Amino acid sequence: MPAMESSAHNVRRHRTVLWFVPVILLVIALTVALFAFRDAGRWLVREDPLGKADVIVVLSGGLPYRGEGAAELFNAGYAPAVWISKPEGPGPRLADLGIHFVGEEQYNHEILLDKGVPDTAIEILPVDVIDTQQEVVRISREMRRTGKHTAIIVTSPAHTRRVKALWIKQTGPDLRLIVRAARDDPYDADHWWRNTRDVLSVVREFLGLFNEWAGLPVRPHAM
């Protein structure tokens, strides 16, 4: 009888262990997922140490913060020139309708002037771009054409990691990038899930990074 009781006790203990282990693993997995979720917004922010450069570049988007950030770096003496990326816009179509369109690049130009950057130091890159990958390629080509070797790119905080990843993939070792986040951008890396703007930023950046890691199978739309 004692032997039977001992055997039954062992069976119950074995069943308890079989039930307990998956629960512990689930708790661990959920804990890891929670920390990953909370840190996702902070992980996207990937800045380089500041240093002297040949040019500061304002990427399209993020008005007015990227332009303001570029002006701040220019006024601090980090580079003698500022380039403005020119995004694709509805200008031609609106012109057909008799409507005057002011592109984002013009607003960035006005922001730089307002913040004390002289007009002679500002250049709007002439070729329209659709996405960040095209911007990186366009900037690197212009740097090689003009004999520049180091650029500071100013973008939104959540966008910094993807810019750096695309730069490494799309350019050669002869060009150096310093990527910086616009200081006054309202992105909240520690609580990104609290508003739709930051949620959309995080989702967009992770989708863009997955596309970059996969070799850019999803291409930009035709211009």
Boolean, Val163 is farther than 22 Å from Glu88 by Cβ, crowded, with 19+ Cβ neighbours inside 10 Å, of a type in the set (A, V, I, L, M) and touching a Ser or Thr at 6+ places or on another chain (Cβ under 6 Å): no
Some residue of region 107-127 being at pLDDT below 95, over 21 Å from Ala182 (Cα atoms) and touching a Lys or Arg at 6+ places or on another chain (Cβ under 8 Å): yes
Residue that is modelled with the lowest pLDDT, among those in region 169-184 that are surrounded by fewer than 20 Cβ atoms within 10 Å (Cβ to Cβ) and part of a loop (DSSP other than H, G, I, E, B): Gly172
Subset tally (residues that are of a type outside the set (S, T, N, Q) and more than 21 Å from Gly147 (Cα to Cα)) for region 52-69: 9
Condition broken by Arg197, with the remaining ones in (1) under 12 Å from the mean Cα position of the chain (by Cα); (2) more than 14 Å from Ile139 (Cα to Cα); (3) at pLDDT 95 or above; (4) part of a helix (DSSP H, G or I) satisfied: (1)
Tally of residues being surrounded by fewer than 19 Cβ atoms within 10 Å (Cβ to Cβ) and in contact with a helix residue (DSSP H, G or I) (Cβ under 9 Å, 6 or more places away or on another chain) across region 185-201: 7
The listed residue being touching a Leu at 6+ places or on another chain (Cβ under 8 Å) and assigned by TED's automatic domain parsing to the domain that holds Lys86, out of Thr160, Thr146: Thr160
Which listed residue is part of a helix (DSSP H, G or I), under 17 Å from the mean Cα position of the chain (by Cα) and among the charged types (D, E, K, R), from Arg66, Arg46: Arg66
Meets criteria (among the acidic types (Asp, Glu) and assigned to a helix (DSSP H, G or I)) for Glu123: no
Ser156 vs. criteria in contact (Cβ under 8 Å) with a residue 60 or more places away in the chain and surrounded by 14 or more Cβ atoms within 10 Å (Cβ to Cβ): yes
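The values are calculated or read from the model by the stated rules, or taken from the named source; none is laboratory data. Predicted model, so just to flag it, every value in this text is computed and none were measured. Using ideal geometry, Cβ is built from the backbone for each residue, glycine included, and neighbour counts are taken over all protein chains shown.
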